[in-house]
Amino acid sequence: MLAAMRQPLPATGSSWSDLKARMLGYAAGDVRWRDGKTAVYVFNAGPEVEMVQKDAYALFMSENGLGPAAFPSLKRMEDEVVGFGLDLIHGPPGAAGNITAGGTDSITMAIKAARDYARKARGVLGPLNIVVPRSAHPAFDKACALMEIEVRRTPLVDYLADAAAMAAAADGSTVMIVGSAPNFPYGLMDPIAALSELAVARDLWLHVDACVGGYLAPFVRMNGEAIAPFDFALPGVRSMSADLHKYGYCAKGASTVFFRSAELQAFMGFDFKDWPGGRMVTPTLAGTRPGGAISAAWAVMNFLGVAGYREKQALVTEARGRIAEGVEALGFTVLGQPQLGLLAFTRTDVDCLAVWAKLRERGWFTGVTTEPKSLHLMLSPVHAAVAGEYLADLAWAIEAAKGAAPADARYA
Ligand SMILES: Cc1ncc(COP(=O)(O)O)c(C=O)c1O
């Protein structure tokens with residue numbers, strides 16, 4: 001923080017109405033995501049869902065999921081949400097899971113479980129590694145940096161995980177192999193069936209990162225799209241991450257991590273009593289667990305139900321289809337065959353990052369993919385209504401970017 005900007009805590013308090021106005025003033029420079037002009041960071045299922053999120057969050061905002069004995073309400077809501085999730089991803093009888101604070105948390109805890117399983121159940125000694133496709137989310141690297149585990153990133157084939165390359169990279173010290181459903185940079189479903197075969201043949205722990213697709217792909221499949229098996233229906237899958245705060249449309253700070261069995265889940269938890277504060281048992285990374293994130297997830301899921309999710313997800317795939325068709329008409333190539341809400345598209349005669357920068361001038365805050373340089377969208381239901389406007393602005397941006405200096409699309 002710049003020293004000049006540092007301010008002391010006000011000597012006296014202010015009224016809430018004054019503070020609220022000031023906060024809204026601070027937000028004046030934020031992206032206008034409610035208008036549908038943002039296709040990264042925010043999942044916009046419309047004002048009704050936002051209201052349910054907010055009311056349900058506020059109801060349990062002060063309660064703490066760390067204390068299930070004190071707040072059986074939160075424990076019950078968490079168990080019900082985990083059950084909804086397991087039902088959608090073919091969790092077998094005995095499968096188990098928890099709500100975490102987000103995708104990075106779910107992935108970290110799945111790796112922690114796989115590491116402890118390797119050490120304690122398989123007796124693996126010495127340095128450990130995980131094998132992930134090049135497109136896997138950096139959360140895997142962050143978690144492995146914390147746990148001093150090597151990450152082996154393997155090359156892609158057609159933007160997808162290559163099971164043969166992953167097989168070659170795995171060895172006796174591999175605690176996990178990973179597939180994404182879908183991966184973030186391209187929005188494509190990795191060949192999870194092939195990874196599952198590898199996992200079964202070599203007794204490897206396969207984690208499916210369905211942070212993006214976990215609450216989207218099942219409904220897209222129900223809507224008629226041929227989504228290949230990617231979940232616990234495949235015997236090699238031992239754990240999965242699926243984010244409630246993405247295509248589950250729940251309040252931020254909520255994801256789920258799932259395990260094929262409670263025995264595997266037990267390797268995730270932490271149980272400690274060697275201090276003067278009494279025994280402390282935590283299932284996930286957090287100590288204090290915000291009750292609001294749990295209650296909002298429970299409320300949004302029950303508010304939408306299967307019918308509501310199918311309707312929202314149909315809008316997402318409609319937006320993706322219209323935009324894919326529109327960008328191809330404008331001379332772009334869509335990378336692979338996206339089936340869900342993410343897509344990346346490229347062309348070589350213009351700097352796609354410069355196009356991205358021009359679109360920002362028209363209020364669009366979207367993503368980029370860098371290999372190859374592409375525009376990237378993570379679409380919400382609201383985008384079905386603005387697809388035409390986006391395509392018109394994109395046509396303008398292509399012309400405006402011609403001759404522009406190459407841009408560095410650093411937005412995160
Ligand atoms: C495929 C994938 N996995 C994991 C994550 C990490 O999720 P979070 O940002 O909730 O930690 C993301 C975030 O976009 C993602 O796209």
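Quick notes
- Residue within the range 177-190 that is within 22 Å of the chain's Cα centre (by Cα), within 16 Å of the ligand (Cβ to nearest atom) and surrounded by fewer than 24 Cβ atoms within 10 Å (Cβ to Cβ) present: yes
- Criterion: within 15 Å of the ligand (Cβ to nearest atom), more than 18 Å from the chain's Cα centre (by Cα) and closer than 25 Å to Pro283 by Cα - qualifying residue of Val124, Val151: Val151
Let's see how each residue does on (1) under 23 Å from Pro235 (Cα atoms); (2) in a helix (DSSP H, G or I):
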site: Val82; (1), (2): yes, yes
site: Cys144; (1), (2): no, yes
site: Arg152; (1), (2): no, no
site: Ala165; (1), (2): yes, yes
site: Ala168; (1), (2): yes, yes
site: Asp171; (1), (2): yes, no
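- Restricting the range 231-282 to residues that are away from the ligand (no atom under 16 Å from the Cβ) and of a type in the set (Gly, Ala, Ser), the residue that is nearest to Tyr215 (Cα to Cα): Ala233
- One residue from Ala45, Ala70 being outside any helix (DSSP H, G or I) and under 18 Å from the mean Cα position of the chain (by Cα): Ala45
- Among the residues examined, Phe258 qualifies as within 19 Å of Pro182 (Cα to Cα), in contact with a helix residue (DSSP H, G or I) (Cβ under 9 Å, 6 or more places away or on another chain) and crowded, with 17+ Cβ neighbours inside 10 Å.
- Asp141 being in the same structural domain as Ser241 (by TED's automatic domain parsing), acidic (Asp, Glu), at pLDDT 95 or above and farther than 20 Å from Ser196 by Cβ: yes
The values are calculated or read from the model by the stated rules, or taken from the named source; none is laboratory data. Please read these numbers as outputs of a predicted model, since none were measured by experiment. Cβ sites come from the backbone with ideal geometry, for glycine too, and all protein chains shown count toward neighbours.
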